[in-house]
1. Go over the candidates Ala43, Ala95, Ala77 one by one and state the one that is hydrophobic (A, V, I, L, M, F, W, C) and within 19 Å of Ile6 (Cβ to Cβ).
2. If a residue has to be surrounded by 13 or more Cβ atoms within 10 Å (Cβ to Cβ) and under 13 Å from Phe145 (Cα atoms) to count, how many in the range 9-41 make the cut?
3. State which residue pairs qualify: first residue free of Cβ contacts under 8 Å to residues at least 60 places away in the same chain and in a loop (DSSP other than H, G, I, E, B) and inside the range 23-47, second residue among the aromatic types (Phe, Trp, Tyr) and surrounded by fewer than 18 Cβ atoms within 10 Å (Cβ to Cβ) in any location, beta carbons under 8 Å apart, and separation of 6 or more residues or different chains.
4. Could we say that Val116 is β-branched (Val, Ile, Thr), in contact with a Leu (Cβ under 6 Å, 6 or more places away or on another chain) and not in a helix (DSSP H, G or I) here?
5. For Ala62, indicate whether it is touching a residue at least 60 places away in the same chain (Cβ under 8 Å) and either under 23 Å from Glu141 (Cα atoms) or within 15 Å of the chain's Cα centre (by Cα) (or both).
Amino acid sequence: MRVWRIASAAHAAFDGEGARRYGSRWTPRGVPAVFTSATLSLAALERFVHTDPDLELIDLVAIAADIEADIAIETIAIANLPSDWRAYPAPAVLAGIGEQWSRESRAPVLSVPSVVIPHERNFVLNPNHVDFMRLKINPSEPFGFDPRMWKGVS
């Protein structure tokens, strides 16, 4: 399976440092994690909604990672989440789910529903898991948004 990440070229590493420093919906501060999406288009939407409209998105890259079929993936079903799982800011229970998954090192990959498009999946990667090194991180390639996405934004 191939997953995608869009990042600035300066932060393209698959080391989990950004999540460790700042936390996320699915992990608390202090837990390294790499966030990827099932498709490049979902990765683009995820990046878009997490970007301030007044920032110029330059120097972006898309990075694909390949997950072999025999690598364990733990899946979180929407039915097992609280009814407010899509709220902003995110309910703390979600970061607790990711923290427990990471701490117990149950799988190198956690499949979670996308808040942006709940029928699609994002994949949280644990860089501290022993099988993380089995993921094939492909070379980055330049990525850019169509400027029409910022129509009407001042």
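What follows is calculated from the coordinates using simple rules that are stated; it is not laboratory data. Note that this is a predicted model, so its numbers are computed, not measured. Note: ideal-geometry Cβ built from the backbone for every residue, glycine included; neighbour counts use all protein chains shown.
1. Ala43
2. 1
3. Going by the 8 Å Cβ cut-off, the qualifying pairs are Arg29/Tyr22.
4. Yes, satisfied.
5. Judged against the criteria, Ala62 is a match.
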